[in-house]
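Read-outs throughout are calculated quantities, based only on the coordinates presented, and are distinct from any laboratory measurement. Values in this document were obtained by computation on a predicted structure and should not be read as measured data. Cβ placement follows ideal geometry from the backbone for every residue including glycine, while neighbour counts extend to all protein chains displayed.
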Amino acid sequence: MRQSSLVVVANRLPLDDNAAPDGACEWRRSPGGLAGALHAILDGTPATWVGWGGGVGPARPLPDIGTLRLRPMSLTEEELRGYYEGFANSTLWPLYHDAVEQPVFDRGWWETYRSVNRRFAEAAAEVAEPGAAVWIQDYHLQLVPQQLREMRPDLLIGFFMHVPFPPPELFMQLPRRVDLLRGMLGADLVGFQREQAAHNFAQLAAKLVNARGADEAILLDGRVVRTGAFPVSIDVAEMQQLSARPYVVNLARQLRHDLGRHKKVLVSVDRLDYTKGIEHRLTAYSELLRDGRVKVRDTVMVQVAVPSRERVENYRGLRDRIEREVGRINGEYGRVGEPAIHYLNQPFDRADLAALYQAADVMVVTPLRDGMNLVAKEFVAARADDTGALVLSEFAGAAAELEDAFQVNPHDLDDLKETLLRAMDAEPADLARRMAAMRAHITENDIHAWARAYLTSLDLTGSLAQRLPRRRSPAAARG
Ligand code: ADP
Ligand code: F6P
């Protein structure tokens with residue numbers, strides 16, 4: 001077995017095994033922010049990625065992607081239901097997102113979650129060199145740090161939570177809360193998106209397992225577990241480079257033309273997830289149309305909603321409700337050849353997304369709760385000409401950084417409506433100032449800065465961070 005000095009463990013591999021229309025296997029970039037973010041920093045770094053490639057049944061061996069080795073994990077149908085769809089996405093996901101949907105506590109799922117976590121820990125133990133650093137990602141794998149430490153005490157173990165980590169009032173509802181917390185405390189460094197999450201974690205550690213210490217360093221069983229906020233980001237240079245390509249610029253122009261040259265174009269891009277606030281957004285837009293404050297002849301909305309977790313009950317119900325609502329709004333306010341909303345329930349490739357970001361007058365990112373939201377950062381990176389407005393939920397992690405966005409409370413429909421109008425009517429000079437400030441922030445705090453900050457904290461000698469690829473220069477980024 002080939003071993004690596006850096007091992008990433010995440011639920012998904014950066015590629016997804018999809019069946020092509022003719023039944024053949026087709027590899028695609030995995031949906032969601034995590035895979036894209038990590039893939040960018042591993043480009044050129046020798047490492048192994050342990051993760052699931054989608055689907056059920058035995059895992060097929062996969063070729064390396066450059067310097068990155070892939071260690072695919074299989075899931076059986078029962079594991080998929082109990083671990084991924086069940087405990088991870090029907091219990092933890094809703095609970096960690098403010099319980100905007102009711103979390104399901106099914107006792108049968110726990111054992112599967114624990115045993116799948118153990119298999120991931122065993123795989124990591126197998127591919128990690130003596131003294132290697134193992135970086136475990138997200139809520140699917142909360143038990144892995146402790147399980148891995150028991151198997152391989154020689155390793156440096158990091159854990160990063162991409163989603164919100166809830167306040168004690170919510171976390172305390174979890175059956176198995178002590179096991180989940182102890183699982184994370186097996187790491188040397190536990191990273192979160194926001195300071196508040198690290199604070200919640202320290203409070204829970206004191207309350208549930210009698211740990212001592214402060215937010216930055218928790219003392220348990222004679223070991224120090226460091227914690228901190230490391231807001232994840234995007235490959236800004238890559239997005240700028242992509243946005244400057246003639247194909248993307250022309251496509252953006254074409255989109256503007258097709259959508260109606262003189263119209264205000266509102267764009268949203270989300271996984272089809274109930275945490276993203278799509279229904280609230282549609283209600284606000286529909287009320288603006290009803291009140292006559294927005295007219296179909298001069299405004300149009302594009303909602304891209306990529307299918308996600310489609311076998312989980314809450315997601316199926318959501319898709320039905322959204323499709324009904326889009327149909328109702330178009331039926332009531334659209335005109336022949338002129339819908340109020342273009343709704344696209346399909347994956348987009350990166351260049352098409354970049355063109356859509358460029359075609360927007362207003363990017364509407366209004367999750368009810370989100371660990372970070374990388375779409376907001378991608379939009380800013382794509383707007384090198386300092387035009388366009390970003391409407392951003394206060395409940396997205398990105399709001400702590402993008403202070404110059406038009407921030408909004410998406411639970412407050414009146415606030416949402418007024419903020420959309422303010423963003424549509426803003427002066428170009430105001431928009432340019434805001435966009436330049438936001439772009440300066442993300443350029444400084446890109447995905448490379450994130451990885452460097454996290455890995456420098458994990459390995460205080462700095463040798464791990466030194467192995468990462470250098471950030472591309474802005475000149476290269478301009479292409
Ligand atoms: P999450 O991790 O919850 O999905 P983020 O906003 O952080 O949310 O990340 C979403 C990622 O998925 C972004 O990188 C975005 O570009 C990508 N994405 C969103 N919608 C689509 C789509 N229709 N097709 C392809 N990629 C998408
Ligand atoms: O952190 C959010 C997350 O669960 C990531 O792990 C992943 O990038 C994204 O959502 C997509 O979810 P899934 O892997 O369930 O399709």
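The table below gives the values:
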quantity	calculated
Viscosity 1.002 mPa s, 20 °C: Kirkwood-radius Stokes-Einstein D of the stretch 345-479 over Cα pairs, µm²/s	132
Over 18 Å [Cα-Cα, the stretch 50-199], rounded percent	58
Trypsin sites (Lys or Arg not before Pro) lying in DSSP loop within the stretch 238-276, provided at most 10 other Cβ fall within 10 Å	Arg261
DSSP-defined beta bridges in the chain - what % are antiparallel, rounded to 5	20
On Cα atoms only, tilt of 313-333 relative to the major axis of the chain in degrees	10
Electrostatic dipole magnitude of the chain [Cβ: Lys, Arg +1; Asp, Glu -1; Cα centre; debye, to 20]	600
Approximate spin-label separation Gln3-Thr76, in nm, with each point projected 7 Å along Cα-to-Cβ	3.0
On Cα atoms only, tilt of 413-425 relative to the major axis of the chain in degrees	60
Stretch gain in nm, segment Lys295-Gln203, where the contour uses 0.36 nm per residue and the Cα spacing is subtracted	28.2 nm
Distance (nanometres) between label positions extended 7 Å along Cα→Cβ at Arg328 and Leu421	2.2
For the stretch 283-416, alpha-carbon Rg relative to the globular expectation (2.2 N^0.38 Å, N residues)	1.08
Förster-model FRET efficiency, 45 Å R0, Thr283 and Glu444, C-beta, rounded to 0.05	0.80
R0 of 25 Å, Cβ-Cβ distance Arg335-Leu413: FRET efficiency to nearest 0.05	0.50
Gyration tensor over alpha-carbon atoms, the stretch 223-316, equivalent ellipsoid semi-axes in Å	32, 24, 14
Within straight-line cross-link reach of Lys417, lysines at Cα separation under 19 Å, skipping those fewer than 8 residues along the same chain	Lys263, Lys264, Lys276, Lys295
Efficiency of FRET from Cβ geometry, Arg350 and Gln173, R₀ 41 Å, rounded to 0.05	0.60
Stokes-Einstein diffusion coefficient of the stretch 119-174, Kirkwood radius over Cα pairs, 10 °C, 1.306 mPa s, in µm²/s	130
On Cα atoms only, tilt of 428-444 relative to the major axis of the chain in degrees	20
Debye equation applied to the C-alpha atoms of the chain, log10 I(q)/I(0) at 0.07, 0.11, 0.12 Å⁻¹	-0.36, -0.92, -1.10
